[in-house]
Each structure stands twice: as C-alpha cells, then as structure tokens.
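Coordinate-derived values only; no laboratory data. These numbers come from a predicted model, not from an experiment. Positions of Cβ are generated from backbone atoms using ideal geometry, with glycine treated the same way; all protein chains shown enter the neighbour counts.
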Amino acid sequence: MEKKTIALIILSVIIIGAVYYFESTKVKPMQELGGDAAQSTEELTQPLLKEGKYPLAPELTGIVGYINAEEGLQLHNLRGKVVLVDFWTYSCINCIRTLPHLVAWDKQYRDQGLVIVGVHTPEFDFEKEIENVRMATEKYGIKYPIVQDNNYATWSAFRNRYWPHKYLIDAEGYIRYDHIGEGGYEETEMKIQELLAEINVNIEEMGTTAIPDATPTKPTTPELYAGYAFALNRGQNIGNKEGLQVDQTINYILPETIELNLIYLDGLWKNNKDNLEAKEAGASIVLNYLANDVNIVAMDGDAELDLFIDGSYLPPEMAGEDVQFDGEKAFIEINEPRLYNIVDGDYERHTLELKASKSGFSFHAFTFG
C-alpha cells in the first residue's frame, strides 16, 4: 500500500511539473510544420559545429518587414557581437510576460556588445500586419530590431516550434545556448554576461537587471483556441453539443451544465479558421476557468463586451487592466487586434461570461495566468 502511495505522489509531481512547463510556452503543432522540429541546440543539424556541439546559427531569411532595423539585416553582419534571437508573436501571453526582461537586457547590455533581434513569427492572420506589430513594439517599449517572419522562413531555418524561444549566439556566429518558454531569466542573463566576457567586456561591476519573474507557478486552465483550424488540431473543441464546424454559422444554445476548461457559446456564431465571429447582438461566450488572470485575444470590430462573473457584473476588485465601468456595468471595448486583460483576481474557479453588444466581434483565444 505504501509503495502505491509513493508511486502516486511521484506521478502527481511529474504531471504538475509538465503542466507548469507547457503553460509557459506556446507550441505550433508538428503537422503544421511539415517535418520534425528541434527542441534544443543539440538537435539542430548544421554543417559547421564549434567544439563539436554548437551549431552555426542560420541566417534571417524570408523577412517581409523591419522595425527598429535597416532593411536587409543579416546575422552575419553582427559578427563580433553577442546576438540574442527571440521568436515571439505579439498576442502571445507567454511572450508578453517575457518582454520586460528582453527590454531590460537591451538597455543594460546594448552598449556592451549585445544585439537582440526579435523574430516576429505570427500565429494569427492579423499579426502579419506590420502596423499591428509596430503598435505592439511601441506599447511594450521595444527598442531593439524586430523582423517580420510572416512565412515562417526563419522559424523553419532554426527548426523552431515554440513561442517564445530565445537563442544566444556568440561573436563567431554559433548558438551557445537556448531557452524555450518563460522563466530561466537569471540563467539566460548569466549566459549573456559569459558571452560578453569572451569579447573582453568587463562585467564584474555590472550586476544584473533583476526583473521579477511573472511566470505562473500554479496550474491553470490551459490556453483555449476558438478557430476550428487551431482548436481541432490541438484536440480542443467547444462544449456545445454542435461543436466547431468548418466555415458554418450556427445558432448555439447554452447547455444547463458548464464544465471546467471548455468554451461554450450562446447565440449565432460563425466558425472561422482562426476565430469565432458573433453574428448577432447578445451572442455570448461562457467559460468556467481556474486562474488568477484571464485574457482574450480578439479582433477589433468597434465592439463592446459586457463582462459577468458567476452571474453578476465583474466587480472592480477582479477587473483586468482593459476593463471599464459605467456604474455597476463592467465592459471592454475591442478597438484593436490584440490581447485584452479581462480578469485580475485571486487564484480561484469562476464562470465568466462575455456578451457582445453587436454583431461582428470575433475572438481567437483565451489565455490565463
């Protein structure tokens, strides 16, 4: 009996650890890549290796836009400097929680020889628009170069499949370190300093940036996708008995029982490839979730969403940064394509309802913290 109990405890620890890891990353499904993808620098196969194990970094390729950078930026032109390549996409909550660290490293080490290159590889179609990416770089205070990898050419050259994923490249152009997902900031910064020391930068008196780590430490509701191409490929679906149906407009009826971690719809909704689109005023989304924070990735449609928790308007003490109030009424205005923070509360289970004021609103995903 004791052996079975110990085995169950060990299994539970492994499962919880796996949940924390995968919640700190966003992964593109293998079937969308057309081949195997590396998960670490050891698995990258390049013709040139340093010390028999560090691969030469691939070049930036297929880039369609540049922000804070001259057109035609190439990694080989940065030889002699330490380069951090960061794969990200601007509506990804895992990436957003990483950005303060990147911005701080850029400020701390830019004059010492560090160059950060953000490779923006979009997940959703609206993230392919360079002006949307420019808006995000301004919002998050990003001053380092950003290149727009709309066709996944550089992503594929690095054989990457994660957002965010950081690669540290030494002065000779070899990948010496990489980190998948959130966290690992102290370790990454120590590696930055180590590679800077190799080019004779005196780092003894520099200290570290010491930005707080906002990586979630408790299991939450997993990221939930709305578009059929994204959800079904990940083994997800909505809770309504009708389910997601390719390119169909369906009048969904909310069931009496709402299960945890499933999106439910009420009213007329159009099933699109990467989003669900409300086709009438009053159409609503219902979700029973477990988390502190709730975010929604949504398209601008000049829409307004009323917000309810457990049958009542969302209270001010649980309101996320994008929530507004008109008396007791809690709502958000969807006026640009991005991630919106709806709930900022205690780590609890609640039933959230979002009700559209008019047709045309579309949402892509829920994310949590």
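At-a-glance table
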read-out	value
Karplus-derived HN-Hα couplings along the range 323-338 (A = 6.51, B = -1.76, C = 1.60, θ = phi - 60°), whole Hz, x at Gly and Pro	7, 10, 10, 10, x, 7, 5, 10, 7, 10, 9, 8, 10, 7, x, 5
Burial order of peptide ranges 258-266, 199-207, 171-179 (average beta-carbon count within 10 Å, highest first)	171-179, 258-266, 199-207
Debye intensity ratio I(q)/I(0), log10, the range 224-368, q values 0.10, 0.17, 0.18 Å⁻¹ (C-alpha model)	-0.29, -0.89, -1.01
Whole-Hz ³J(HN,Hα) from phi, Karplus 6.51 cos²θ - 1.76 cosθ + 1.60, for the range 265-282, glycine and proline x	10, 9, x, 8, 9, 9, 7, 10, 4, 10, 7, 10, 10, 6, 10, 7, 5, x
Trypsin sites (Lys or Arg not before Pro) restricted to DSSP loop in the range 45-94 with at most 14 other C-beta within 10 Å	K53, R79
Over 19 Å between alpha carbons, listed pairs K28/K139; K50/K191; K273/K355	K28/K139; K273/K355
Local electrostatic count, A214, Cβ distance below 12 Å [Lys/Arg +1, Asp/Glu -1]	-2
For T61, distant residues with modelled amide H under 5 Å away	T154
Cα-based helix-to-principal-axis angle, 130-139 vs the chain, degrees rounded to 10	80 degrees
Trypsin sites (Lys or Arg not before Pro) within the range 277-363, DSSP loop, no more than 16 other Cβ atoms inside 10 Å	K358
Relative contact order (%) - the chain, alpha-carbon pairs under 8 angstrom, separation at least six	16 percent
Helix axis angle, 2-23 relative to the chain longest principal axis, alpha carbon, degrees	80 degrees
Mean separation of Cα contacts under 8 Å (6+ apart) over length of the range 80-139, as relative contact order %	47 percent
